[in-house]
Amino acid sequence: VIVGVGIEVDASVDRGALLTELRELREDAWEVLSGVVHERPSSSFAVQRIERWASADVPPPRLANTLHGPQARMVALSQSATCARAARDLLDILASPDVRHRLRECASEECRMIYVLPSGSRERRWCSMSQCGNRAKAAAHRARSRQPRERTADVDVTDDRSIKELGR
């Protein structure tokens, strides 16, 4: 099972080859999603590869009778079917005007994440406040802390008491 996404991969699949192909799919997906976010065309190569991945056969879930009633069970997927499921999920995002409208790119310079802004939520700059948001805010705080503080109090340099008060 691919943790976090609920896809069971057939035991005969070469995990290294699958990982390599999923990384290629991720790069092409980023290229296409970035094009949507920045309102520019994506590379034809990325579009064609995603189309190829999405066209592979994916077996449907199987229905089984259990003691607790009928239950649908996912079947273990081949390498091409695993990539097809991921590519089709991407196409579902792109086919939904509401979801397309909520696509955002993380404002962090170290992050390339493109995320879907939850519906009804306030606009945000980062993919994750606990990751990129905290890093950005901590860096801004450190930058402000390094700057010398300016005192705005009027001081009469001829009056020793004013100079002593400034030093407190």
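The values are calculated or read from the model by the stated rules, or taken from the named source; none is laboratory data. Treat the numbers as computed from the prediction; the structure is a model and nothing was measured. Cβ atoms come from the backbone with ideal geometry, glycine included; neighbour counts cover every protein chain shown. Areas reflect the complete protein model, heavy atoms only, side chains present, ligands, DNA and RNA absent. Shrake-Rupley method; radii C 1.70, N 1.55, O 1.52, S 1.80 Å.
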Determine the shape class of region 84-125: with a ≥ b ≥ c the square roots of the Cα gyration tensor eigenvalues, call it rounded for a/c under 1.5, and otherwise prolate if a/b is greater than b/c, oblate otherwise.
oblate
Need the C-alpha centroid separation for region 78-123 versus region 41-63, integer Å.
15
Percent of all Cα-Cα pairs per 5 Å bin for region 1-144, counting from 0 up to the last occupied bin, reads 2, 8, 14, 17, 16, 15, 12, 8, 5, 2, 1, 0, 0
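If we count every other residue with Cβ under 15 angstrom of L77's Cβ, Lys/Arg +1 and Asp/Glu -1, where does the sum land?
The answer is -1.
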When the accessible area of region 95-140 is computed with all protein chains present and a 1.4 Å probe, what percentage of it is carbon and sulfur?
51
With a 1.4 Å probe and all protein chains in place, put R124, R26 in order of accessible area, largest first.
R26, R124
Net +/- balance of residues flanking L117 in space, Cβ distance below 13 Å, scoring K and R +1, D and E -1
+3
Sorted peptide list for 42-51, 27-36, 61-70, 93-102, criterion being average Cβ within 10 angstrom, highest first:
27-36, 42-51, 93-102, 61-70
Taking every pair of distinct Cα atoms and averaging 1/r, then inverting, what Kirkwood hydrodynamic radius in Å comes out for region 44-90?
12.1
Expressed in nanometres to one decimal, the distance between label points 7 Å along Cα→Cβ at L67 and L91 is 4.1
